[in-house]
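Please read the structure below before turning to the comments.
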Amino acid sequence: MSEVLVLVDAQNGAVKKPTYELLTIAKRLGTPSAVFIGAAGEAAGVAEAVKKYGAEKVYVIDDAQIKGYLVAPKAEALAQLAQQVSGAGKDLAAILLPSSAENKEVAGRLAIKLESGLITDAVDVEGDGTTTQSVFAGNYTVKAKVTKGTPIITVKPNSAAPEESAGAGEVETIAVSISDAAKTAQIVATQPRAATGRPELTEAAIVVSGGRGTGGDFTAVEALADVLGAAVGASRAAVDSGWKPHSFQVGQTGKTVSPQLYVANGISGAIQHRAGMQTSKTIVAVNKDEEAPIFELVDFGVVGDLHTVLPALTEEITKRKG
Amino acid sequence: MNIVVLVKYVPDATADRRFEADNTVDRVDVDGLLSELDEYAVEQALQIKEKRAEEEIEVTALTVGPEKAADAVRKALQMGADKGVHVIDDAIAGSDAIATSLVLAKAIEKLGAEKPVDLVVGGLASTDAGLSVVPAMLAERLGLPQVTLASVVETQGNQVRIKRDTDVATEVVGGTMPLVLSVTDQSGEARYPSFKGIMAAKKKPLETWSLADLGVDASQVGLAASWSVVEETAARPPRTAGEIVKDEDGSGAKALADFLASKKFI
Ligand SMILES: Cc1cc2nc3c(=O)[nH]c(=O)nc-3n(C[C@H](O)[C@H](O)[C@H](O)COP(=O)(O)OP(=O)(O)OC[C@H]3O[C@@H](n4cnc5c(N)ncnc54)[C@H](O)[C@@H]3O)c2cc1C
Ligand SMILES: Nc1ncnc2c1ncn2[C@@H]1O[C@H](COP(=O)(O)O)[C@@H](O)[C@H]1O
């Protein structure tokens, strides 16, 4: 069977869940190979983790010449790997990357280098390479397929349930040469975001969000999130007011989330906000205005003041959990 | 200094956006406008020009799109861009990001042949089916550094420094002009055209180029040359109306807890 390359998403050597989702999807298309671009010292641990989800091979590319620069070196490294794999007489069925702003840019450059078609933000990929995307603020679903070269597909988190299966996890170190031309946008400083101790917004099964209606006090929103084991999100109005950093923003110009449950509190439901949450499986809202457009989307809505409803709900859930 | 701003004409997000029979975005019958996210790109280009008032800086707004796309360029001229270029050709209809980036790259090369281009500025994404990839693809095609998705932009001499938010960190990225820059909606409110700006725009040059002017063959662009194909589009079924309850003396929280329990969330 032909190989499918899956770019690993890992932080400090810890593999993130979307990687396992992509490996699960890769098995539908061919034989999954994980690609780890990172510190050589972390490779063994990453290999151990990904082989549990079916990675037959683990290509390791040392990032010493890559990590200090934006996008271009990563695209070069992946292009060289793809050429080595297909040059060795093997078929390359697809290249899958977790959808993030950076990976989409990497994929875009890679598509031009490999003269291959690109599909971004897929929410599903079938065995024949047909992808599903959600467009126009989630109002349409689109099925598409790459028709040229090696399909390059970026896949959103939560697009598949990770399935464990033993792979050989054979580690192969790949030497790449990064051109000087690719090292022209230099990362001069990096400020890691403080850990919230909560699940990552785009990966979480439950997201509890707050908007302008919180009046800037997210205590009740956060308490509810914690009792549900949820991530916390925010509308742009809440972000623009400085109540939460931009990394919390859900919507067209923030994160797109598609959790099992989305709880919108004090959020009116503007189209740009919907664009980021409309595909959630179950939607619940608390808003004091019964005319708020968010209620058009909900499976269950409470017309009321979030400052009283949320604490009461948190208490009720705590009580029921015993 | 020569700045090129990429502006795209998109269907209005608040109107009823739809697909045509061939599964391409309907860009003709639906009301359109300059993509809101590209207004931020125009704004940053104008701010660079204003901050460096002692230099001679020309800002050119460039679009690739159908007849009405000229409106997007006009809006950029009203905001303060100096001249406009509209690439229009029947063959371009249905182009994907890969083909669009090719046409944009050739247009920038043509502009550069007249006077070197120092800075190409794009937006965060097209507000229609945007991928947020065109600026990166342009950098790849033009062989220029890419300094993209900036929330803060600073320039000094030929140096550009930006702030960029990733999923896990905030980065400061630097590059030397010529380069490709893109900016997010965090980069600062875009200005409204003033009455004076609207009047002045009428006299500003707006050139129209065809593929032949760019030396691009029609077979390289359009739906047929696309490296991927849309097989099916479907309107998402409307969500079935849910239950809405009024909170009275704590009844709302209990009802919501019951609902969450029925769905096994608690
Ligand atoms: C180009 C562009 C991109 C955008 N991108 C995004 C994006 O990515 N994400 C995003 O969210 N927005 C985005 N927006 C902004 C969007 O249009 C809305 O302005 C924004 O979503 C409104 O946020 P909100 O719902 O919190 O505030 P509002 O619309 O002001 O709504 C507040 C709601 O809270 C309710 N409320 C008030 N007090 C209480 C209370 N005590 N208890 C319960 N309810 C209460 C009110 O009834 C109201 O419905 C974008 C806009 C543009 C132009
Ligand atoms: N047809 C076009 N004409 C001019 N600029 C474009 C066009 N398509 C994309 N762009 C630019 O590229 C950015 C990203 O677009 P996209 O990759 O389509 O989301 C936009 O914000 C524009 O600045």
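The values are calculated or read from the model by the stated rules, or taken from the named source; none is laboratory data. Given the structure is predicted, the values throughout are model-derived calculations rather than measurements. Reconstructed Cβ throughout: ideal geometry from the backbone, glycine too, with neighbour counts over all protein chains shown. These area figures cover heavy atoms from the full protein model, side chains too; ligands, DNA and RNA do not enter into them. Shrake-Rupley method; radii C 1.70, N 1.55, O 1.52, S 1.80 Å.
So the values come out like this:
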read-out	value
Residue satisfying all of: in the range A:145-187; more than 19 Å from A:LEU110 (Cα to Cα) and of a type in the set (A, V, I, L, M); surrounded by the fewest Cβ atoms within 10 Å (Cβ to Cβ) among these	A:ALA161
Considering residues of the range B:38-86 that are touching a Phe, Trp or Tyr at 6+ places or on another chain (Cβ under 8 Å) and open to solvent by 50 Å² or more (accessible area, probe 1.4 Å) only, the residue farthest from ligand 1 (Cβ to nearest atom)	B:LYS68
Flag for A:ALA312 being more than 18 Å from A:ASN158 (Cα to Cα) and either more than 9 Å from every other protein chain (Cβ to nearest Cβ) or part of a loop (DSSP other than H, G, I, E, B) (or both)	no
Test: residue in the range A:242-251 that is within 12 Å of another protein chain (Cβ to nearest Cβ), among the small types (Gly, Ala, Ser) and within 16 Å of ligand 2 (Cβ to nearest atom)	yes
Qualifying position, being at pLDDT 95 or above, more than 22 Å from A:SER99 (Cβ to Cβ) and either hydroxyl-bearing (Ser, Thr, Tyr) or crowded, with 19+ Cβ neighbours inside 10 Å (or both), among B:PRO193, B:PRO135, B:PRO145, B:PRO116	B:PRO145
Residue ID - farthest from A:TYR262 (Cα to Cα), chosen from residues in the range B:225-266 that are more than 7 Å from every other protein chain (Cβ to nearest Cβ) and in contact (Cβ under 8 Å) with a residue 60 or more places away in the chain	B:ALA225
Out of A:SER33, A:SER86, sole residue that is open to solvent by 10 Å² or more (accessible area, probe 1.4 Å) and of a type in the set (S, T, N, Q)	A:SER86
Breaking point among (1) facing another protein chain (nearest Cβ under 10 Å); (2) open to solvent by 60 Å² or more (accessible area, probe 1.4 Å), for A:ASP217	(1)
So A:GLY211, is it over 20 Å from the mean Cα position of the chain (by Cα) and near ligand 1 (Cβ under 7 Å from one of its atoms)	yes
Odd one out for B:GLN159, checked against (1) touching a helix residue (DSSP H, G or I) at 6+ places or on another chain (Cβ under 6 Å); (2) more than 16 Å from ligand 1 (Cβ to nearest atom); (3) open to solvent by 10 Å² or more (accessible area, probe 1.4 Å); (4) within 13 Å of chain A (Cβ to nearest Cβ)	(1)
From the options A:ALA312, A:ALA223, A:ALA270, residue that is over 25 Å from A:ALA161 (Cβ atoms), within 8 Å of ligand 1 (Cβ to nearest atom) and open to solvent by 30 Å² or more (accessible area, probe 1.4 Å)	A:ALA270
